[in-house]
Amino acid sequence: MFKPNDKQYDLNFHQKYQQMVGSLIYLMIGSHPDIGFAIVKLAQQIANLSNKHYQTGLHLCRYLLNTCKYQIVYDGLDNKSIIAHSDSDWAQDLESCKSVTSYFTLMAQEVTS
């Protein structure tokens, strides 16, 4: 995706890029899983960043700004729903006494009776 950068970078520029990527990660976790792939690619470039990486991050910010009014609506009229399943073993590992939990969520899954 990006070519290696062999130029020296400014420390302030590097910190600004890290702050942008951190903020985008926070948005991804909280409300925008659709930007996950782009964030991973931007985060991989922190040690080798260039102005192109920063511009790509700003492009992602503009995407979020222009799509902030978009939403998913489940009104129940089209027989679609959100289905969630979870499982826990409640500290069944006798060596570490740690619990293991997993979950998955299906969105807009067709509900059949």
(request) Would you please list the contacts, defined by Cβ atoms under 6 Å and residues six or more apart or on different chains, that run from a residue in region 32-48 that is free of Cβ contacts under 8 Å to residues at least 12 places away in the same chain to a residue that is not basic (Lys, Arg)? (result) GLY36/MET28
(message) Among (1) surrounded by fewer than 11 Cβ atoms within 10 Å (Cβ to Cβ); (2) under 23 Å from MET107 (Cα atoms); (3) modelled with pLDDT of 85 or more; (4) over 14 Å from the mean Cα position of the chain (by Cα), there is one condition TYR70 misses while meeting the rest; what is its number?
(response) (3)
(request) Could you tell me which residue of region 32-65 is modelled with the highest pLDDT, considering only residues that are surrounded by 15 or more Cβ atoms within 10 Å (Cβ to Cβ) and among the polar types (S, T, N, Q)? (result) THR56
(message) From the list MET28, MET20, exactly one residue is assigned to a helix (DSSP H, G or I), at pLDDT below 90, outside the structural domain of SER102 (by TED's automatic domain parsing) and surrounded by 14 or more Cβ atoms within 10 Å (Cβ to Cβ). Which is it?
(response) MET28
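The values are calculated or read from the model by the stated rules, or taken from the named source; none is laboratory data. As the structure is a prediction and not an experimental result, all values here were calculated from the model. Positions of Cβ are generated from backbone atoms using ideal geometry, with glycine treated the same way; all protein chains shown enter the neighbour counts.
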